[in-house]
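Novice: Quick one: this structure, given as structure tokens, is what I'll be asking you about.
The values are calculated or read from the model by the stated rules, or taken from the named source; none is laboratory data. This is a predicted model, so every value here is computed, not measured. Positions of Cβ are generated from backbone atoms using ideal geometry, with glycine treated the same way; all protein chains shown enter the neighbour counts.
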Amino acid sequence: MHFIKFSWVIFLFFTLGLICPTIVSEAKPDTLDRKNAINLEFAGPAGYWAVGYERIIKTKNRWRMFGAVATSMWGLADYNGDFNPNFSIPIIIGGLYGGAVHNIELALSNTVYSIVTAEGGFEEDREFGVNGNIHIGYRYSPPCDRWHIKIYYLGTLVRYNYYVNYGGLGIGYSF
């Protein structure tokens with residue numbers, strides 16, 4: 001059962017390997033100079049999915065510090081069918097340790113969210129909150145040096161009251 005769930009991850013790694021025409025030893029010297037990235041993440045700090053922007057802030061030896069912001073919307077209609085989406089906005093600060101291809105990713109984030117609830121009755125209410133997150137993961141940047149894939153553990157302090165374990169997967173484009 002788990003193989004079926006994660007077979008698309010294996011397929012994605014295989015596909016990225018095929019579209020990169022170079023090999024690891026021929027990586028361009030400017031691989032580490034790309035400072036910006038657009039990411040599409042699944043099951044990350046924003047919830048189901050998110051689209052985000054990442055910027056490398058500082059580079060020193062094999063460490064690269066980055067800041068990122070993302071956004072996600074789901075449940076576009078409320079209980080009455082009116083446009084009233086749920087949304088979340090994670091704000092992330094983290095670091096990458098490694099080289100041009102393989103990196104360890106460590107990050108902390110706060111996720112601001114707003115969801116529609118109907119607790120204890122039929123009247124809708126909008127709940128705002130903040131979750132704290134820790135990301136520990138691996139980022140693979142194929143030698144074509146534009147695309148990257150990341151998979152990570154995500155520990156979340158929901159409303160800073162209790163701790164929940166999640167995992168996340170992301171694909172990004174560096175420029």
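Novice: Give, as residue ranges, the strands (runs of 3 or more DSSP E) completely inside segment 34-86 that count at least 1 residues that are over 18 Å from SER141 (Cα atoms) and charged (D, E, K, R). Working first, answer last.
Specialist: On the way: elements: 36-42, 49-60, 63-74.
Ranges flagged: 49-60.
Novice: Restricted to segment 117-139, and to residues that are touching a residue at least 60 places away in the same chain (Cβ under 8 Å) and within 19 Å of PHE66 (Cβ to Cβ), which residue is farthest from the chain's Cα centre (by Cα)? Steps first, please.
Specialist: Just the residues of segment 117-139 that are touching a residue at least 60 places away in the same chain (Cβ under 8 Å), to begin with: 131, 133, 135.
Still in the running and within 19 Å of PHE66 (Cβ to Cβ): 133, 135.
Working: ASN133: 12, HIS135: 9 Å.
Top of the filtered list is ASN133.
Novice: Enumerate the pairs (first residue in segment 36-52 and closer than 12 Å to TRP74 by Cα and of a type outside the set (Asp, Glu); second residue anywhere and buried (at least 20 other Cβ atoms within 10 Å of the Cβ) and at pLDDT below 90) with beta-carbon separation below 6 Å, excluding pairs fewer than 6 apart on the same chain, so at least 6 apart or on different chains.
Specialist: The qualifying pairs are ALA50/GLY44.
Novice: Here is a further query. Check off (1) modelled with pLDDT under 95; (2) surrounded by 16 or more Cβ atoms within 10 Å (Cβ to Cβ); (3) within 20 Å of ILE151 (Cα to Cα) for VAL101 and give me the number that stays unchecked.
Specialist: (2)
Novice: Considering each of SER109, SER114 in turn, give the residue that is of a type in the set (Ser, Thr, Tyr), assigned to a strand (DSSP E or B) and more than 20 Å from ILE136 (Cβ to Cβ). Spell out how you get there, then give the answer.
Specialist: Numbers: SER109 fails: more than 20 Å from ILE136 (Cβ to Cβ).
Among SER109, SER114, only SER114 is of a type in the set (Ser, Thr, Tyr), assigned to a strand (DSSP E or B) and more than 20 Å from ILE136 (Cβ to Cβ).
Novice: Scan SER109, SER114 and give me the residue that is in contact with a Ser or Thr (Cβ under 8 Å, 6 or more places away or on another chain), touching a residue at least 24 places away in the same chain (Cβ under 8 Å) and not aliphatic (A, V, I, L, M).
Specialist: On the way: SER109 fails: in contact with a Ser or Thr (Cβ under 8 Å, 6 or more places away or on another chain).
Just a single option satisfies the conditions, and that option is SER114.
Novice: Can you tell which of ARG34, ARG64 is of a type outside the set (A, V, I, L, M, F, W, C), modelled with pLDDT of 90 or more and surrounded by 11 or more Cβ atoms within 10 Å (Cβ to Cβ)? Walk me through it before giving the result.
Specialist: Values: ARG34 fails: modelled with pLDDT of 90 or more.
The conditions single out ARG64.
Novice: Within segment 131-175, count every residue that is within 28 Å of TRP63 (Cβ to Cβ), among the β-branched types (Val, Ile, Thr) and loosely packed, with under 14 Cβ neighbours inside 10 Å.
Specialist: Going through segment 131-175, the residues within 28 Å of TRP63 (Cβ to Cβ) turn out to be 131-157, 163, 165-175.
Filter once more, keeping what is among the β-branched types (Val, Ile, Thr): 134, 136, 149, 151, 156, 171.
Still in the list and also loosely packed, with under 14 Cβ neighbours inside 10 Å: 136.
Count: 1.
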